[in-house]
1. Go through the range 40-56 and give me each residue that's over 10 Å from the mean Cα position of the chain (by Cα) and under 13 Å from L80 (Cβ atoms).
2. Going by the structure shown, is T34 more than 15 Å from the chain's Cα centre (by Cα) and modelled with pLDDT of 90 or more?
3. Working only within the range 38-69, note down all residues that are of a type in the set (V, I, T), modelled with pLDDT under 95 and touching an Asp or Glu at 6+ places or on another chain (Cβ under 9 Å).
4. Restricting attention to the range 78-88, which residues are exposed (fewer than 10 other Cβ atoms within 10 Å of the Cβ) and under 13 Å from L38 (Cβ atoms)?
5. Name the pairs whose Cβ atoms lie under 6 Å apart, with the first residue in the range 31-52 and on the phi > 0 side of the Ramachandran plot, the second surrounded by 13 or more Cβ atoms within 10 Å (Cβ to Cβ) and assigned to a loop (DSSP other than H, G, I, E, B), and 6 or more positions between them or separate chains?
6. Which numbered condition trips up R23, out of (1) of a type outside the set (S, T, N, Q); (2) modelled with pLDDT under 95; (3) in contact with a helix residue (DSSP H, G or I) (Cβ under 8 Å, 6 or more places away or on another chain)?
7. Identify, please: which residue in the range 30-77 is of a type in the set (D, E, K, R) and touching a strand residue (DSSP E or B) at 6+ places or on another chain (Cβ under 8 Å) and is, among those, surrounded by the most Cβ atoms within 10 Å (Cβ to Cβ)?
8. Considering the range 84-107 alone, what residues qualify as being at pLDDT 95 or above and outside any strand (DSSP E or B)?
Amino acid sequence: MIARAAPPAPSAPPSTPALVGNRRPQPHRIHLSTGRVLEGNLYRSPGTRLADHLATLKGFLSVTDAVCRESGDRFHHAVLNLDHVLFIEEVVAEPAGATVAPGTLPR
């Protein structure tokens, strides 16, 4: 019997099955080179840095539920060319019912 080479094993997916589908919408403010500002959600894995997420993109940024602050236009889904993005702010959402105790603000 003649031995034959085994076919190469399929390459492993870039992530483990436990990490597939764990991205969550996180609010961000995107400043564009045209002077416009969009507020919308970027889908990122919890606990990842924004810089790490941007490094994985192929030149385009997907934003959902976007609102243009200047015109008030709403977009269910927008794809932005990263060449037109000046900077991105992470918007921290306040927990529901959060209040500041009197006397705790700096003077």
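1. none
2. yes
3. none
4. Within the range 78-88, V79, F87 qualify.
5. none
6. R23 satisfies all of (1) of a type outside the set (S, T, N, Q); (2) modelled with pLDDT under 95; (3) in contact with a helix residue (DSSP H, G or I) (Cβ under 8 Å, 6 or more places away or on another chain) except (3).
7. Selected residue: R44.
8. Passing the criteria: only H84.
The values are calculated or read from the model by the stated rules, or taken from the named source; none is laboratory data. Just so you know, these numbers come straight off a predicted model, no measurement behind them. When we count neighbours, we look across all protein chains shown, and the Cβ atoms used for this are built from the backbone with ideal geometry, even at glycine.
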